[in-house]
Amino acid sequence: MDVFYRCSFRQGLNNHSLLNRSHRPLARISRNPNTILCQSVEEECDVVVIGSGIAGLSAAALLSTYGQEVVVCESHSVIGGAAHSFKRGAYHFESGPSLYSGLKSTGTKANPLSLVLQAVGAELEVKEYSTWNVYLPEVPQGFPAKVGPRGFDELFRVCGTRETLDQWDRLQGIVKPLSKAATAVPPLAIRLDPGVISTTLGRYFGDIIGSITTLGVLTKPFSAVLDSAQVTDRFLIHYLDLLCFLLSGLTSKGTITAEVAFMLEEWTNENATLEFPVGGSQALADALAGAVTRRDGRVYVSEHVEEILIENEKAVGVRTRKGKVIRCRKGVVSNASTIDTCSILPASTWSQQVAETPLNPSFMHLHIGFDAQGLDDLDMHHLVVNEWDSGVDSQQNVVLISIASVADDSMAPAGKHCLHAYYPATEPWDIWENLSKTEYEDLKQQRSEALWKAVETVIPDIRSRVDISLVGTPKTHARYLRRHKGSYGAAWRAGKEQFPFGSTPWKGLYCCGDFTFPGIGLPAAAASGAIAANSLVPIKKHTELLDSIGI
């Protein structure tokens, strides 16, 4: 796998600049000119960020923009966390998100990730499109589902009845004010201290008051909204359960309404579009990390943090597996899951509470590099649902397929394509434990077969076209992403459990990522990173940043 990011270089400086300041690390350059593999024993900065997932990189990029000296420590040899990419020969494979939207949106209703990119001055080139193919029990041959004001109507007309459309219209009437309420305060305005009153209520008072009657509904499960709209149509319930599941790893009975209301606003407005970043998720990670390094920050790969240093109830730095100590003047942000963060902290009551976090299951991944001859009309995105009765969250029932090279032909050799297929949040952890090498390989073959069959729905002769194929398991997630039990994320159920957000009992220590904010996708990750970053800087700097992006 390639190593991704440069640290502590500024435009026009040579490599010796790494050695000229006393607090700078001695380092050697990795294979990628944008990365450092650190060799020093001790250094100092303002904030240490543990982990380079999109949440951690968003926090680091914003902190750097705020003028803080930031060090990011990534355990893996590449940055990006669950959104990292890797290469095999000339094939570029995506390991995480495959469906992007709102990357170019602006204003208070914008995707939080887009707002982070704007705030830190990160440029991202995207390809726009509006269709993804769905293979459902009602349309096993596939149907080109679209985003936009009438996109859902077209699918419901084919797969449902007149009653489906009527109930969808009624539901939209109820969801519209909820969408307005869900976007009344952009997540980038939130911080985890009393200053949040100034940056939210003081700044968006009119929008909040205008939505006051609906705010209480936002924290309820979306199933409560379906009930209030008297939605009884089976196909409509199944499809909305599917969308909820893709957002949170939970059906409508567990997915928080605010999350669904935001998504429906983004996917049904006049300017709705799907997007793919040129260069894939690597380009996204690079753009955020670049915002750190341009401002004299440092992003280390292969630098596993083994301990968060606590003195007088305050986070004062970290110690890595290599024995390196990085002390911080302001604090530490952990992009590791809260469970994994607790494992490198002193035992506490908080640790005991975190240990009870409900978990989503894990992934199975199938990466294929294949011959594209005769596949000129191949689309990028495909979703396969085998049947509804067992539920969208049942094992091996839902498969997502992304062929990134359709959007960006540089991601595969000429005349070839690269494909990523996966089960989202349905692969159990326990069946993968305590296996011999032979048992593990056999189980990989068995459990990936449903992925191959789903791909054959799109490309019937795929097995005869294969140049390379790779299978990832929950063990892969646990090993490379340092995810507890390879989990897809926390399974906080709306109406039953309360999201903890990113605060901890220790001063200067904040958590970010999918264990601290509703949702398991990129918008939630970016929002959680922004909230952690905001909490470490003065209110004045925070409000100046909000002003700079027009929110």
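Around the amide H of residue 299, modelled in the peptide plane, lie the amide H atoms of 7, 8, 36, 72, all under 5 Å away and 5 or more residues distant in sequence or on another chain. Taking the three principal axes of the alpha carbon atoms in the chain, the coordinate ranges are 70, 58, 45 Å, sorted in descending order. With θ taken as phi - 60° and the coefficients 6.51, -1.76 and 1.60, list the Karplus ³J(HN,Hα) couplings across segment 131-139 in order, rounded to whole Hz; mark glycine and proline as x. So the Karplus estimates, Gly and Pro as x, are 10, 9, 7, 10, 10, 10, x, 6, 9 Hz.
For the residue pairs 104/220; 330/541; 220/253; 180/253; 180/220, the alpha carbons lie more than 19 Å apart in 104/220; 180/253. Rolling a 1.4 Å probe over the protein heavy atoms gives segment 151-295 an accessible area of 38 Å² per residue. Set the Cα radius of gyration of segment 271-318 against 2.2 N^0.38 Å, with N its number of residues, and you get 1.77. Of the heavy-atom accessible surface of segment 410-547 (probe 1.4 angstrom), what whole percent is carbon and sulfur? Carbon-and-sulfur percentage of accessible area, whole number: 49.
For the chain, the antiparallel share of DSSP beta bridges with both residues in that region comes to about 70%.
Phi angles of segment 356-372 translate, via the Karplus equation with coefficients 6.51, -1.76, 1.60 and θ = phi - 60°, into HN-Hα couplings of 8, 4, x, 10, 6, x, 10, 9, 10, 10, 10, 10, 10, x, 8, 6, 9 Hz per residue; Gly and Pro are given as x. Here the accessible area of segment 169-259 is 62 percent carbon and sulfur, with a 1.4 angstrom probe and all protein chains present. Is the shape of segment 83-147 rounded, prolate or oblate, going by the alpha carbon gyration tensor and its root eigenvalues a ≥ b ≥ c, with a/c under 1.5 for rounded and a/b larger than b/c for prolate? The shape class here is oblate. Distances between placed amide hydrogens fall under 5 Å for residue 467 paired with 369, 370, 371, all partners being 5 or more residues away or on another chain.
Taking each DSSP H run with n ≥ 4 as -39500 (n - 2.57) and averaging over every residue of the chain yields -9500 deg cm²/dmol at 222 nm.
Loop-resident GluC sites (Glu not before Pro) (DSSP state other than H, G, I, E or B) in segment 83-158 with no more than 14 further Cβ atoms inside 10 Å of their Cβ: 123, 125.
Within straight-line reach of residue 324, meaning a Cα separation under 28 Å, sit the following lysines at least 8 residues removed in sequence or on another chain: 314, 475, 485, 507. Loop-located GluC sites (Glu not before Pro) in segment 289-357 (DSSP state other than H, G, I, E, B) with a sparse environment of at most 11 neighbouring Cβ atoms within 10 Å: 313, 356.
Taking amide H positions as modeled 1.01 Å from N, with prolines and chain starts lacking one, the residues under 5 Å from residue 69 and 5 or more places away or on another chain are 46, 47. For residue 87, the lysines whose Cα falls under 17 Å of its own Cα, not counting residues fewer than eight places away in the same chain, are 416.
Rounded to the nearest 0.05, what FRET efficiency is calculated for residue 321 and residue 158 with R0 set to 56 Å and r the Cβ-Cβ distance? Working from the Cβ atoms, E equals 0.55. Spherically averaged projected area of the convex hull of Cα atoms, segment 140-251: 8.6 nm².
Compactness of segment 388-491 was expressed as the Cα radius of gyration divided by 2.2 N^0.38 Å, which yields 1.18. The base-10 log of I(q)/I(0) for segment 435-549, evaluated at q = 0.15, 0.16 Å⁻¹, reads -0.88, -0.93 [Debye formula, identical scatterers on Cα atoms, solvent excluded]. Using a ≥ b ≥ c from the Cα gyration tensor of segment 128-171 (square roots of the eigenvalues), is it rounded, prolate or oblate, where a/c under 1.5 gives rounded and otherwise the larger of a/b and b/c decides, a/b for prolate? Verdict is oblate for segment 128-171.
For GluC sites (Glu not before Pro), the sites in segment 206-297 that DSSP calls loop and that have at most 11 other Cβ atoms within 10 Å are 270.
Reported to the nearest whole Å, the Cα centre-to-centre distance from segment 222-243 to segment 350-391 is 22. Computed from backbone phi with θ = phi - 60° and the Karplus coefficients 6.51, -1.76 and 1.60, the 3J(HN,Hα) list for segment 479-489 is 6, 8, 9, 6, 9, 4, 6, x, 4, 6, x Hz; x is used for glycine and proline.
Set against the 2.2 N^0.38 Å expectation for a compact globular protein, segment 205-349 has a Cα radius of gyration ratio of 1.49.
With a ≥ b ≥ c the root eigenvalues of the C-alpha gyration tensor of segment 502-544, is it rounded (a/c under 1.5), prolate (a/b larger than b/c) or oblate? Oblate shape, in that a/c is at least 1.5 and b/c is the bigger or equal ratio.
The values are calculated or read from the model by the stated rules, or taken from the named source; none is laboratory data. Bear in mind the structure is a predicted one, so any value in this text is a computation, not a measurement. Counting neighbours? That spans all protein chains shown, and the Cβs are built from the backbone with ideal geometry, glycine included. Protein only, heavy atoms only, side chains kept; ligands, DNA and RNA dropped before computing areas. Shrake-Rupley method; radii C 1.70, N 1.55, O 1.52, S 1.80 Å.
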